[in-house]
Amino acid sequence: MKERLVELDVLRGIAFVMVVVQHTIGGYSYSKDISYMDLALSRFIYTIAQPAVKIFLILMGMTLIYTYIDKFNWKSFYIKKIKFLIVPYVIFSILDMYLLKDWEKLRNIFGQIVTGNAAYHLWYMGMAIRIYIYFPIIIFIIGIIGKKSGIFKINFIVLYSAAYIFFIQNSNRVYNFLGRIIFGNPTELQQKFINISPLSWSIYFVIGVYIIFNYSKFKNMVLRYGKAITVLYTFFAAAVYCKNMNLFGDEFFVYDKLSYGIGIIHNILCMMFFYLISLHIVKKRILCGFFKFIARYSFPSYMFHVVILQYFANNIHQTGKLYSPFILLMLTAFITPCIFYIIGFIPFSRYITGVRKNSVFRGNKLHHNIKMNTRTAH
């Protein structure tokens, strides 16, 4: 059995918190009638949290390949994903629509589910499920490329990145064209089905695959050049922050011409920066246990956290000050995983939550039920 990469669990937990930051402090930063100080600080925090989904995609590429590259049975793979991914996704999509009172969406449940439109954050699930569907083809291609030389792999990454940037710059036209070709006069849901193609996010999955094939070198590089990574990340994050704040007007020197490249570099550096932090957190038992706990329930928590967030927002007085979304952030990010921890003690709940084993606490340490498989790849 392969060694579990605990630092990736920690990074997954951090990424989930970043998602909640986007939906609390990030949303607040675009509110009207807040002070400029609150605007500047909340937009800064939002900028830090923006790459959360890209980090999830990099982790997906890493964990899927780490888990299946040596032994892959497509029938077993699909059965597991249907039971522990698609079924929970369908259940939570319906729950989100019902509990958020989006009654109109319930008239076309199938359309909402396949497009990830059941709630505003579920587009990611609609896109990610396609990656799992394509995965047997993906792992076949990766197996071929994996046998090539290191120079070939580097050239592939460079060429793929260039092609990706060209594609993403023209993606709206491509998707609109495909929508007309496939559907004639597409509805909003039909066009969204086209728009959430994994192609728009594939560079991060590819980077995750490349990292896991060179994991020891990557880990050593991040540890050795941690200060340089921090400086570079700070520089690119500052550029993105200035753009988010519109500090230099609509024409922000070269940013507008190189925005896609800058965005990709910023997202990758953000992942590397928080990966570095994760490596240090692993050495802190309590903090490591906290993020591992969040990571364990990050899948159902991601799908359901907007309902919990909305409940707290409706029942806790919102002052318009920055501390209000901070309170929502802390409550949502912690209580949502706790809910699924409790649900985990219900028999067969794993088929609803997708969490195949529950966490149990003994003293100050976090353990997992040994009756279940010890590895997951959400």
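The values are calculated or read from the model by the stated rules, or taken from the named source; none is laboratory data. The structure displayed is predicted, hence computed values, not measured ones. A quick note on method: Cβ atoms are made from the backbone with ideal geometry, for glycine too, and the neighbour counts reach across all protein chains shown.
Restricting attention to the stretch 183-218, report how many residues are of a type in the set (S, T, Y), crowded, with 21+ Cβ neighbours inside 10 Å and farther than 19 Å from G143 by Cα.
0
Show the residue pairs that are 6+ apart or on different chains and have beta-carbon atoms under 7 Å apart, the first residue being within the stretch 70-94 and over 17 Å from Y134 (Cβ atoms), the second being among the aliphatic types (A, V, I, L, M) and crowded, with 19+ Cβ neighbours inside 10 Å.
Note: pairs meeting the criteria are V90/I113; F92/M303; S93/I113; S93/A118; S93/L122.
I154 is checked against (1) modelled with pLDDT under 90; (2) aliphatic (A, V, I, L, M); (3) surrounded by 14 or more Cβ atoms within 10 Å (Cβ to Cβ) and fails just one. What number does that condition carry?
(3)
Taking I34 as meeting all but one of (1) touching a residue at least 12 places away in the same chain (Cβ under 8 Å); (2) assigned to a helix (DSSP H, G or I), write down the number of the exception.
Result: I34 passes all but (2).
Name the pairs whose Cβ atoms lie under 7 Å apart, with the first residue in the stretch 292-314 and over 15 Å from A118 (Cα atoms), the second among the polar types (S, T, N, Q), and 6 or more positions between them or separate chains?
F293/S359; R296/S359; S301/T336; I308/T332; I308/T336; L309/T24; L309/T332; F312/T332
Do any residues in the stretch 263-290 that are farther than 18 Å from K243 by Cα have Cβ atoms under 6 Å from those of residues that are assigned to a loop (DSSP other than H, G, I, E, B), where the two are at least six apart or on different chains, and which pairs are they?
Cβ pairs passing all conditions: C288/V282.
Residue by residue, here is whether (1) among the basic types (K, R); (2) touching a residue at least 60 places away in the same chain (Cβ under 8 Å); (3) under 29 Å from Y30 (Cβ atoms) holds:
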position	(1), (2), (3)
N170	no, no, yes
G184	no, no, no
P198	no, yes, yes
V206	no, yes, no
A237	no, yes, yes
C242	no, no, yes
F248	no, no, yes
S259	no, no, yes
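For the stretch 267-357, which fully contained helices (runs of 4 or more DSSP H) count at least 1 residues that are at pLDDT 95 or above and closer than 15 Å to V19 by Cα?
The qualifying helices (runs of 4 or more DSSP H) are 285-296, 298-315, 323-343.
Out of Y36, Y30, report the one residue that is out of contact with any Cys (no Cβ under 8 Å at 6 or more places or on another chain) and either closer than 22 Å to I308 by Cα or buried (at least 19 other Cβ atoms within 10 Å of the Cβ) (or both).
Every option except Y30 fails the conditions.
So that you can scan it fast, the table gives a plain yes or no per residue for (1) within 27 Å of L11 (Cα to Cα); (2) assigned to a helix (DSSP H, G or I):
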site	(1), (2)
I48	yes, yes
T67	yes, yes
I109	no, yes
N117	yes, no
